[in-house]
1. Criterion first (buried (at least 20 other Cβ atoms within 10 Å of the Cβ), touching a residue at least 40 places away in the same chain (Cβ under 8 Å) and part of a loop (DSSP other than H, G, I, E, B)) does I21 satisfy it?
2. Quick one: A33 ticks every box in (1) part of a loop (DSSP other than H, G, I, E, B); (2) more than 20 Å from R108 (Cβ to Cβ); (3) touching a helix residue (DSSP H, G or I) at 6+ places or on another chain (Cβ under 8 Å) except a single one, so which number is it?
3. What tally of residues in the range 86-112 results from selecting those that are closer than 21 Å to N57 by Cα and in a loop (DSSP other than H, G, I, E, B)?
4. State yes or no: is G85 out of contact with any His (no Cβ under 8 Å at 6 or more places or on another chain), surrounded by fewer than 16 Cβ atoms within 10 Å (Cβ to Cβ) and small (G, A, S)?
5. Could you grab the pairs with beta carbons closer than 7 Å, sequence gap of 6+ or different chains, first residue in the range 90-103 and farther than 14 Å from G115 by Cα, second one surrounded by 16 or more Cβ atoms within 10 Å (Cβ to Cβ) and of a type outside the set (K, R)?
6. Mind checking which residues of the range 49-71 are under 11 Å from R19 (Cβ atoms) and either in contact with a helix residue (DSSP H, G or I) (Cβ under 7 Å, 6 or more places away or on another chain) or β-branched (V, I, T) (or both)?
7. What number of residues within the range 1-18 are more than 19 Å from D117 (Cα to Cα) and either of a type in the set (D, E, K, R) or in contact (Cβ under 8 Å) with a residue 40 or more places away in the chain (or both)?
8. For residues in the range 26-51 being of a type in the set (G, A, S), touching a residue at least 24 places away in the same chain (Cβ under 8 Å) and closer than 22 Å to G115 by Cα, which is surrounded by the most Cβ atoms within 10 Å (Cβ to Cβ)?
Amino acid sequence: MYQPPDPAPFNETVWEIVRQIPEGIVSTYGQIASMIPAPLGVPPDQYERLRARWVGNAMRQVPAGSDVPWHRVINSQGTISIPRGSASADVQRARLEMEGVEFDDAGRVDFDRFGWDGPSADWLAAHGLLPPRSLKSRPPHDDATQLNLF
């Protein structure tokens with residue numbers, strides 16, 4: 001099952017989530033997938049295995065000229081999934097760099113610096129979506145509860 005039972009609404013949900021990613025920030029296929037509940041009739045364990053691939057399929061189907069910032073979605077290793085050296089990969093990297101996203105020598109993006117924390121809880125609730133999994137190796141801190149030692 002390489003696509004959801006009804007791909008059109010799933011794709012629209014993916015694209016609406018991607019539209020929320022701010023300039024200069026990246027998300028991953030898996031993070032986006034983590035916000036979307038399993039479609040009816042799809043067992044949760046099967047959805048868990050397939051959901052990032054379904055998001056990838058949705059991203060490949062972004063209509064030309066769309067307002068979906070497709071270039072802000074990369075893979076879980078922090079790299080561009082399109083084959084390196086291809087025209088599309090060069091366009092994606094150039095767009096990200098124009099927005100201030102930096103790549104290391106291995107072509108990876110640092111999720112701690114450029115990873116998305118996801119839409120607001122209110123936006124997620126209004127769209128029937130789940131909180132995203134974090135891309136960051138250290139959880140964001142709440143300054144109001146941060147203990148000041150000085």
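The values are calculated or read from the model by the stated rules, or taken from the named source; none is laboratory data. Just so we're clear, the structure is a prediction, and the values are computed from it rather than from any experiment. Counting neighbours? That spans all protein chains shown, and the Cβs are built from the backbone with ideal geometry, glycine included.
1. In short, yes.
2. Of (1) part of a loop (DSSP other than H, G, I, E, B); (2) more than 20 Å from R108 (Cβ to Cβ); (3) touching a helix residue (DSSP H, G or I) at 6+ places or on another chain (Cβ under 8 Å), only one is false for A33: (1).
3. The number of residues fulfilling the criteria is 1.
4. Answer is yes for this residue.
5. Close Cβ pairs (under 7 Å, with a partner that is surrounded by 16 or more Cβ atoms within 10 Å (Cβ to Cβ) and of a type outside the set (K, R)) amount to Q92/H71; Q92/I80; Q92/I82; R93/I80; R93/F103; R95/H71.
6. If the condition is that a residue be under 11 Å from R19 (Cβ atoms) and either in contact with a helix residue (DSSP H, G or I) (Cβ under 7 Å, 6 or more places away or on another chain) or β-branched (V, I, T) (or both), then V62, V68, P69, W70 are the ones that fit.
7. Residues meeting the conditions: 9.
8. The qualifying residue surrounded by the most Cβ atoms within 10 Å (Cβ to Cβ) is S27.
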